[in-house]
Number of protein chains: 2
Amino acid sequence: MVKVEIITIGDEILIGQIVDTNSAWIAQQLNLNGFHVEQITSISDTKEHILEALKLAESRVEIIITTGGLGPTADDITKPAIAEYFNSKMRIDEGVLADVTGYLKQKGREIGEQNKLQALVPEKCTVIRNHIGTAPVMWFDKNDKVFVSLPGVPFEMKELISSKILPKLKAKFSTPHIIHKTVMTNGLPESILADKIHDWEIALPKNLKLAYLPSPEAVRLRVSAYGQENNLEELVDIEIKKLHQYIGKYIFAYDDVYLNEAIGLLLKEKAASMATAESCTGGLIAQLLTSVSGSSEYYKGSIVAYANEAKANLLDVPMSLIDKHGAVSKQVVEAMAMGVLKKLNVDYAVATSGVAGPNGGTPDKPVGTVWFAVASKDKVVSRTYTINIKREVNMRLAANSALQFLRFLILDL
Amino acid sequence: MVKVEIITIGDEILIGQIVDTNSAWIAQQLNLNGFHVEQITSISDTKEHILEALKLAESRVEIIITTGGLGPTADDITKPAIAEYFNSKMRIDEGVLADVTGYLKQKGREIGEQNKLQALVPEKCTVIRNHIGTAPVMWFDKNDKVFVSLPGVPFEMKELISSKILPKLKAKFSTPHIIHKTVMTNGLPESILADKIHDWEIALPKNLKLAYLPSPEAVRLRVSAYGQENNLEELVDIEIKKLHQYIGKYIFAYDDVYLNEAIGLLLKEKAASMATAESCTGGLIAQLLTSVSGSSEYYKGSIVAYANEAKANLLDVPMSLIDKHGAVSKQVVEAMAMGVLKKLNVDYAVATSGVAGPNGGTPDKPVGTVWFAVASKDKVVSRTYTINIKREVNMRLAANSALQFLRFLILDL
């Protein structure tokens, strides 16, 4: 068991201004790769505290990963602290200096004195270059133990861990054989899903473990197989094939491919196009679809008709229909889907109209009520549900339900 | 300075299955009340690890708060571990037994053997009753230090901290006065911001501390003041007033109010309405604005014109303009802003068109190039930048830059 400690450095966590999501993400990645996270420690931006934390971590684990405190400003003191810990002089790394200069130039900026300091690194470390930010990674080897100091900016940290740190750690340490496959489902709440697959779950081979990972986007089922055998992958595939007999319709993809991407693949396959008309999801479906690179191939656009005038003016929904049935209704949401289908001349359209909350509910249409419609050239179908958790979650659930509903239409499920 | 360590106990944090939001909340409450959180430590459900963590924490701080591991199941071993730490026998607490019985009865359940064990507490602790769950709080006094063990269920923990633990801690310890104010800026990268406010920063009174908290949405500047004086708030306000002379234009709000909310407040104040026309931001601006409850008061909708046909059909951008200048151009983005202004009959409009990446760049318009336009009834203004980090970040930066640009127009800055 290769033990790891994650140390996050920065007062903003200790005063509770930000939630430490970095550690959870790093812990997850390490865990998936067979490393054991022994402790997560959040400490302040002071040299004494950093030195003490490094010393204690070194006594407990093989790998110490720190994040944060590497910025160009005066309150970032991780680098001098770690240099002192290793009793190392500093040197200017010309490669890093070129990276920082290039990175800033690309942004149309000159390198300032503050930024030049980012190329100053401890002599005893191996520098791992960071091409999407200004702080390089410092990697130290010491008596078969490894210390890695990463910037705390989440997207830089994630990219560096995935592309550079994990491969290096896996090359250096031998970890047990674990494989994971994640089944992506949407459309069944966790408890109903658990009931439906209960028989399958209790019949799983002993070296297979199941974890439920629910979120508004999907209930992910992670199947993990442990062992020395070479056929672990095959074992998992056999079980997942069986799982399809229980909940096949709701499985839309594998391994963290979400609905926005799955829909895109489906449309590309069919050389079909789509558009959206959103009220209560307020642009979230559009944002999900366009967050996929290359989506312009099949996604033409969205009309976010938040106000009723917008539904009438932009989507040709008759104002009389809105007056008669209300904006949150089968009639209006179907008219929205058909409206955008025509306006943007696409093969498929999806529309939402609902009460996201926390205000705006009525006894008849309480907060959490959403109407969905999906349309193709020859039909339009609608459905409704009421699920109220909180505004943000309601919107995320509705956006993903809309996409799953569209998937059912495209695949005729 | 009364120092605190928060210890969260449970494997789910160490494998990255959940994000530790409890610690951030507790840290925030303690901080607001003048306690200093020295460290946050997440450890596994093992007795050895709990004992070691308690010992180290005792050597560092005056108050140790643990959460988690107090449930009725076998993997919850915080209670035996903490009893061993204090070398204490166990006793049945009749008050807790009555609480647990009553709590379960209220939920229509009988008390089982497992639940009866929750009334078993170390003799050496002061029991603090929990009326909204089954695990009581254990409070230990030891040589002027305090150990508090709380259940990890967030709503139970929060209620207990607010109503019982904080008042008891404040009665026992005398704490200094600390206040924090966060200045929200957008439009200047962290390093340029740091250069611009350098003179201000070094002239800050000794008891004021500055921290930079950057993200694609904002660079937040947190000013913290420490001391016994009653005028700390005033001190901070004076310094922030001075800060305005350096970067006033870029300060859009305080204390974690983001641009989507700040724009909303501004529009409400002016009783004005707005709409958006988005290409490269793909609905993200709409999503940001509609994520604010009550946004329907000023936000009418968005046309997410991802395809060129959509720009022409929905926004009346002449196809000849697109052919001549390209979709990512001053001319087209200005036509988009004016188009949506008219279509939705609003006071203000903002439009984006750019290359979000990773593909689609040209030597002339590389990935990260974005054109922004903002329009009111009597003018339209545009600008451009090129910043390429990665698709998702490019989009977040562009959406927030668009909102800041709109703010400049509304305020005539």
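Restricted to segment B:1-72, the set of helices (runs of 4 or more DSSP H) holding at least 1 residues that are in contact with a Lys or Arg (Cβ under 7 Å, 6 or more places away or on another chain) comprises B:21-32, B:47-60. Screening A:Thr46 with (1) at the interface with chain B (Cβ under 7 Å from one of its Cβ atoms); (2) surrounded by fewer than 19 Cβ atoms within 10 Å (Cβ to Cβ); (3) of a type in the set (S, T, N, Q) gives one miss only, at (1). The numbered conditions (1) touching a helix residue (DSSP H, G or I) at 6+ places or on another chain (Cβ under 8 Å); (2) at pLDDT 95 or above; (3) under 22 Å from A:Leu266 (Cβ atoms) are all true for A:Ile322 except (3). Checking every residue in segment B:192-207 against the condition of being within 11 Å of chain A (Cβ to nearest Cβ), over 30 Å from B:Gly69 (Cα atoms), of a type outside the set (D, E, K, R) and in contact (Cβ under 8 Å) with a residue 60 or more places away in the chain gives zero matches.
Looking for something within 11 Å of chain B (Cβ to nearest Cβ) and crowded, with 22+ Cβ neighbours inside 10 Å - is there at least one such residue anywhere in segment A:334-341? Within segment A:334-341, one or more residues are within 11 Å of chain B (Cβ to nearest Cβ) and crowded, with 22+ Cβ neighbours inside 10 Å.
All of (1) under 22 Å from B:Gly339 (Cβ atoms); (2) away from every other protein chain (no Cβ under 14 Å); (3) outside any helix (DSSP H, G or I) hold for B:Gly282 with one exception: (2).
Of all residues assigned to segment B:260-267, at least one qualifies as being outside the structural domain of B:Ser224 (by TED's automatic domain parsing), at pLDDT 95 or above and buried (at least 24 other Cβ atoms within 10 Å of the Cβ). Remark: B:Ala275 matches the filter, which requires a residue to be assigned to a strand (DSSP E or B) and more than 30 Å from B:Phe35 (Cβ to Cβ). Counting just the residues of segment B:295-316 that are facing another protein chain (nearest Cβ under 7 Å) and more than 18 Å from B:Val328 (Cα to Cα), which one comes out surrounded by the most Cβ atoms within 10 Å (Cβ to Cβ)? Going through the qualifying residues, I end up with B:Ser302. Here B:Pro154 passes the criteria (1) surrounded by 15 or more Cβ atoms within 10 Å (Cβ to Cβ); (2) modelled with pLDDT of 85 or more except the one numbered (1).
For residues that are hydrophobic (A, V, I, L, M, F, W, C) and outside any loop (DSSP other than H, G, I, E, B), scanning just segment A:99-133, find the one that is nearest to the other protein chains (Cβ to nearest Cβ). Selected residue: A:Leu104. What number goes with the only condition from (1) of a type outside the set (Asp, Glu); (2) surrounded by 17 or more Cβ atoms within 10 Å (Cβ to Cβ); (3) closer than 20 Å to A:Thr8 by Cα that B:Lys79 does not pass? Unmet condition: (3). Taking the condition in the same structural domain as A:Ala402 (by TED's automatic domain parsing), within 12 Å of A:Ala275 (Cβ to Cβ) and in a loop (DSSP other than H, G, I, E, B), does A:Asn359 pass? Spelling it out, it is not the case that A:Asn359 is in the same structural domain as A:Ala402 (by TED's automatic domain parsing), within 12 Å of A:Ala275 (Cβ to Cβ) and in a loop (DSSP other than H, G, I, E, B).
Scanning segment B:362-413 for residues that are of a type in the set (Val, Ile, Thr), within 14 Å of chain A (Cβ to nearest Cβ) and assigned to a strand (DSSP E or B) gives B:Thr369, B:Val370, B:Thr384, B:Thr386. Restricting the search to segment A:59-98, which residues are within 14 Å of chain B (Cβ to nearest Cβ) and among the charged types (D, E, K, R)? If the condition is that a residue be within 14 Å of chain B (Cβ to nearest Cβ) and among the charged types (D, E, K, R), then A:Arg60, A:Asp75, A:Asp76 are the ones that fit.
When the residues of segment B:208-233 are filtered to those that are of a type in the set (D, E, K, R) and part of a loop (DSSP other than H, G, I, E, B), the one that is nearest to the other protein chains (Cβ to nearest Cβ) is B:Glu217.
The values are calculated or read from the model by the stated rules, or taken from the named source; none is laboratory data. In this text the structure is predicted, and so the values were computed from the model without any measurement. Here the Cβ is made from the backbone with ideal geometry for all residues, glycine too, and neighbour counts use every protein chain on show.
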